[in-house]
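Trainee: This is the structure, below, for whatever I ask next.
The values are calculated or read from the model by the stated rules, or taken from the named source; none is laboratory data. Just so we're clear, the structure is a prediction, and the values are computed from it rather than from any experiment. Because the Cβ atoms are built from the backbone with ideal geometry, glycine has one as well, and the counts that use them run over all protein chains shown. For accessibility, only protein heavy atoms count, side chains too; no ligands or nucleic acids. Shrake-Rupley method; radii C 1.70, N 1.55, O 1.52, S 1.80 Å.
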Amino acid sequence: MYDTVLFDLDGTLTDPGIGITNSVIYSLAKLGIAVEDRSVLYKFIGPPLHQSFMDFYGFNREKAEAAVAYYREYYREKGIFENKVYEGIVDLLECLRREGKILLIATSKPELFARQIAEHFGLAEYFDIIAGSDFEGVRDTKGKVIAYALEQCRNRTRSAVMVGDRFHDIEGAKENNMDSIGVLFGYGTKEELEQAGADHIAECPKDIAIWTGRR
């Protein structure tokens, strides 16, 4: 049984598909790149943005930074709330709270945006810690964000598990010597999560309650 549960945000607690892809479309348009099929941009959901622009469009670091700046022009004004909470998540969080779990958000999204989203959609009240990346690029990997989130708990945590929908979540958990739960209702595939080494696979939020120690 785990006393602490860390959650990814995008693709795990909320479905940000429209907001993130609209922001990427806006950014790429600023750089002269047109996107005809929104679905090809779903791979941007979850990983750090700089790395995604470099991996998927071959940008160097400087151009990736420009792309991220354009992305945030749209995102901070509109994209941030083009989002919705997955069905069953609130029930799950209420269940885990009743069981006395310590709940954390650990997201590659900038912490400022993560807090705004959690507050806007009524999720903030369930979490002890909301941790994200920073604008300076210090917490630029999922492993670093998870480590930062756990540091905020100090000595309160004995056994923790990371819940997320992409391989970055699973690998970040391994870097911090934690178990992980991969979810299939987000933007990752079962194959991706299993290859990354997820300890458990959840098809729906109720499965997360089972794997985190509910009896």
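Trainee: Need pairs with beta-carbon distance below 7 Å; first residue assigned to a helix (DSSP H, G or I) and within the range 114-135, second of a type in the set (Phe, Trp, Tyr); sequence gap 6+ or separate chains.
Mentor: Between residues of the range 114-135 that are assigned to a helix (DSSP H, G or I) and residues that are of a type in the set (Phe, Trp, Tyr), the close pairs are Ala118/Phe127; His120/Phe81.
Trainee: Of everything in the range 138-175 that's within 13 Å of Val5 (Cβ to Cβ) and assigned to a helix (DSSP H, G or I), which residue is most open to solvent (accessible area, probe 1.4 Å)?
Mentor: That would be Leu150.
Trainee: Test Ala34 against the criterion of being at pLDDT 95 or above and part of a loop (DSSP other than H, G, I, E, B), and give yes or no.
Mentor: yes
Trainee: Can we say Ala69 is within 23 Å of Lys144 (Cβ to Cβ), surrounded by fewer than 16 Cβ atoms within 10 Å (Cβ to Cβ), small (Gly, Ala, Ser) and over 19 Å from the mean Cα position of the chain (by Cα)?
Mentor: yes
Trainee: OK, next. List the pairs whose first member sits in the range 7-27 and is without any contact (Cβ under 8 Å) to a residue 40 or more places away in the chain, whose second member is open to solvent by less than 10 Å² (accessible area, probe 1.4 Å) and in a loop (DSSP other than H, G, I, E, B), and whose Cβ atoms are under 9 Å apart, counting only residues at least 6 apart or on separate chains?
Mentor: Thr21/Ile45
Trainee: Please state which of the following conditions Phe59 fails to meet, knowing it meets all the rest: (1) in contact (Cβ under 8 Å) with a residue 12 or more places away in the chain; (2) in a loop (DSSP other than H, G, I, E, B); (3) surrounded by 16 or more Cβ atoms within 10 Å (Cβ to Cβ).
Mentor: In the conditions (1) in contact (Cβ under 8 Å) with a residue 12 or more places away in the chain; (2) in a loop (DSSP other than H, G, I, E, B); (3) surrounded by 16 or more Cβ atoms within 10 Å (Cβ to Cβ), Phe59 misses (1) alone.
Trainee: Scanning for something assigned to a loop (DSSP other than H, G, I, E, B), open to solvent by 10 Å² or more (accessible area, probe 1.4 Å) and either among the acidic types (Asp, Glu) or in contact (Cβ under 8 Å) with a residue 24 or more places away in the chain (or both), does the range 103-113 turn up at least one residue?
Mentor: Within the range 103-113 (the criterion being assigned to a loop (DSSP other than H, G, I, E, B), open to solvent by 10 Å² or more (accessible area, probe 1.4 Å) and either among the acidic types (Asp, Glu) or in contact (Cβ under 8 Å) with a residue 24 or more places away in the chain (or both)), the answer is no, since none of the residues qualifies.
Trainee: Sticking with this structure for a sec: Determine, yes or no, whether Leu28 is open to solvent by less than 10 Å² (accessible area, probe 1.4 Å), of a type outside the set (Asp, Glu) and within 23 Å of Asp134 (Cα to Cα).
Mentor: yes
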